[in-house]
Structures are given as C-alpha cells and as structure tokens.
Amino acid sequence: MKRMRHLFVLIAAAVPALAAQQNLVSNKTDKLGLDPYASAWEKAAAVKVAVAPQKLVVPQGGGAISSVEVQSLRTASEIFFRLRWADPSKSEDLELSGQFVDGVALEFPLAAGSMPAPMMGEKGNPVNVWRWSAAMAKPEHYAKAYSDYYRPDAIHNTIKYSVRPEDLVAEGWGTIGRRREQAVDGAGDWKDGTWTVVLRRKLRAPGGAAFAGGSVIPFALAVWEGGSQERGPAKSFSVWNNLLLDHGIPAKPKNPLIAGKIVYQRYGCGACHGADAKGGVPNPGSQTDPIPALNRVAEGFTEDEIKKVILNGRNAAPADPNGIAPRLHMNSWKALMDEEEVHALIDYLFSLMPKEKGQEW
Ligand code: HEC
C-alpha cells in the first residue's frame, strides 16, 4: 500500500486536478438488481469524482484515495448508484483493536432544492447519507463490526454496523445518526484492486432525499481506506456534484459574481466563514476566534496570496500552546477546485469589500 501511495502522489502531481464539478446523468433501464457487475452498468454514463483528505475538523485524516467513479441508473421505481475506486488492499475485517474497514458513502441534501454545506450539512439544513462498509460484504463479520463515528464529546464512540447500508441524517459535524426508516440497500465486491459497490433505494422514501423528475440534485461522497487507518472523520470527501434526472440542466450563471457565490456554497465555505462571508463560527482555542470574515480580504490579501490560502489550506494556530486545541481548520481545496472556480470565488470575495464613504458617488 505504502509504495502504491507514493506512486499515486507522483501521478497526481503530474496531471492537473480533475474538473471540480461533475454532471452525472441517471438514465432509465428496465430491470436492475444489486449485482455490482450487471451488464447494464457497462453502458451507463460514468463520472470521476475527486476527493480530498478531510482536514476541516479534528480528528483530521484521509488521503489514501484520490477519486471515485460514479454511475447511476433508474428503473420505474428505484434509483441505483455504482461506485468504483482503486484500493490495492482489501480491508473488511474489523476488530476493536485499531483495525478498520473500507467503505463509501453518498450524500444528498435532504430538502429538495436546498444546498447545505457538503460537509455533513448544517443546522436546519440537513443531509441524507447512505453509508456502505466492507464489513457488510461478509455476513460473519457483522457481529464484531463497529464504526467510530465522530462525536464532539467522544471521538471513540462506537456504533454497531447494520447488516445493510446505513441510511443516516446529519445537520453538521458530530450530529450524524440513523434515520428511523432504513430505506437503502446495497452490495459490494473487491476484485483485482478495485471496489465495486452498488447502492439502491426506492425513488421515493418517506423522510429520505427526494429524487424528483426533471431536476438537478446535488450529490457528494466520502470514501475510507481502512488499511490506512481511515475511519469516521478520517476520510476523503468531495463537495457537491450534480445528479441529472430527466434532462435536468445545471445552472451556469453568466454573471461571474453569481458563479463565485455558487462556488462558495458548493464548497460549504459558509459553514465556517458565515453564509454571507461576514463573520464565521466560534473556534475556541484558535488565535482567530471566531473564524474570520472574508468580506474584507481585498484589504489584506493580493489575489495570489488568497489563492494560496484557499488551495493549500492552513491549520488554525492555537491561541495558547498549553490551552485547548482549535477544532476547526482550513482545508486544502487543491484536489477539488479548478482554476475557473478559484477565480470566480476570489472575484466574488473581493466584490464583498464594503465601500467606504466618499468612494461612492
Ligand atoms: C471547517 C471550517 C472552514 C471551512 C469550511 C472553510 N474555512 Fe477558510 N478558514 C478556516 C479557519 C479556521 C481559518 C483561519 C486559519 C488561521 O487561523 O490562520 C480560515 C482562513 C481562511 C482564509 C484566510 C482569512 C484571513 O483573514 O486570514 C481564507 C481566505 C479562507 N479561509 C477562505 C475560505 C474559502 C474560500 C472557503 C471555501 C472554499 C473556506 N475558507 C472554507 C476554516 C474554514
């Protein structure tokens, strides 16, 4: 695994980042089951979704996997997703002794037409998460299969895995829990260094994400490489991409400032810096608590400087080395954001600079 990873890094450095936002068309098919290798998938459109290591919230982690291929198909009553990714080491055995399993999760806004922060949603604007774990591929492992979800109070809190993929809901970091109705099922298989996982749900499921016709539905994903100690928040994640149903067409605003504002939303910058970038959330223990506003960055940063912060990220510096460690940090967005998005985002942030009296006429 170690050697493969180095190879990966070299290759990743040589090729430009994948186009950030993918448009995945979900076409109709007659009949489909959970067989990950069903022939219908051979003709289904596929997109490659880039993922980045999760460095936003402690415990940070991830980075073993750099992209996941996603496909979708629908029958008259159900929607299917197939997720494939390279993972040279299959990890499906889970003991309570620091051994973790491979897994993948899909995420959708819970309320039709909403766009919460892609990192687990926001208070009042929840997301629906469908989580599959490799332990599920081996029934004899259910009994000892545990996962440690992130809880602000107890990092090693354990929850027993279910026999089928979990249908979860979250409204921000540390809030994830199961929905009363478990509407998702799935199956996965590892062959020749590749996981192939199928997730299925009825098009309509009470209390679950809605798949209405004629529309564009945001989807995001997360992936865990158990052999690299990835579990819970130590994962790789994507921001929102578009699932297109029945010829839905994603909006492409002509106004660059609106385009920039959409980038700000798609990346969930507002979850930390405020919905309108006018001031962020508390981050106890950080030198900058609350998290800084971004509407005045035109004052303190050149375009190149701000680009560097956005692409490279930055850990929040502790106010007191002996005090509490800050929980929220600035992710590196390099693996996800393309040039066009960075520019639109910076133009948008620069446009927010409050005009001084006397400058207006
Ligand atoms: C998980 C919370 C979080 C998210 C989400 C987040 N940031 Fe940050 N950001 C931070 C923290 C914390 C800092 C301060 C780091 C430090 O102390 O130097 C920061 C600093 C910055 C700075 C430097 C500001 C200054 O005055 O020093 C910029 C610019 C910035 N972020 C832009 C963005 C953009 C653009 C996005 C969305 C693509 C984003 N951030 C998403 C947490 C976040």
**Request:** Taking Pro53 as meeting all but one of (1) of a type outside the set (Asp, Glu); (2) touching a Gly at 6+ places or on another chain (Cβ under 6 Å); (3) away from the ligand (no atom under 15 Å from the Cβ), write down the number of the exception.
**Result:** (3)
**Message:** Just checking, does region 292-314 include any residue being under 21 Å from the mean Cα position of the chain (by Cα) and in a loop (DSSP other than H, G, I, E, B)?
**Reply:** yes
**Fill in**
Output for Cβ contacts, cut-off 9 Å, separation at least six or different chains, first residue assigned by TED's automatic domain parsing to the domain that holds Pro326 and β-branched (Val, Ile, Thr) in region 287-307, second more than 9 Å from the ligand (Cβ to nearest atom) and in a helix (DSSP H, G or I), reads Val297/Phe350; Ile306/Ala298; Ile306/Phe350
**Message:** So if I check each of Gly279, Gly268, Gly248, which one is in contact (Cβ under 8 Å) with a residue 12 or more places away in the chain, closer than 22 Å to Ala212 by Cβ, assigned to a loop (DSSP other than H, G, I, E, B) and among the small types (Gly, Ala, Ser)?
**Reply:** Gly248
**Prompt:** Any chance region 215-233 includes a residue that's farther than 30 Å from Gln60 by Cβ and not aromatic (Phe, Trp, Tyr)?
**Reply:** yes
**Complete:** Considering region 16-71, residues that are assigned to a loop (DSSP other than H, G, I, E, B) and β-branched (Val, Ile, Thr), and then whichever is nearest to the chain's Cα centre (by Cα), we arrive at Val51
**Complete:** Residues in region 315-361 that are in a loop (DSSP other than H, G, I, E, B), touching a residue at least 60 places away in the same chain (Cβ under 8 Å) and either away from the ligand (no atom under 13 Å from the Cβ) or touching a Lys or Arg at 6+ places or on another chain (Cβ under 9 Å) (or both) total 5
**Asked** How many residues are touching a His at 6+ places or on another chain (Cβ under 8 Å) and modelled with pLDDT of 75 or more if we restrict to region 85-110?
**Response** 1
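The values are calculated or read from the model by the stated rules, or taken from the named source; none is laboratory data. In this text the structure is predicted, and so the values were computed from the model without any measurement. No Cβ is skipped: glycine too gets one built from the backbone with ideal geometry, and neighbour counts run over all protein chains shown.
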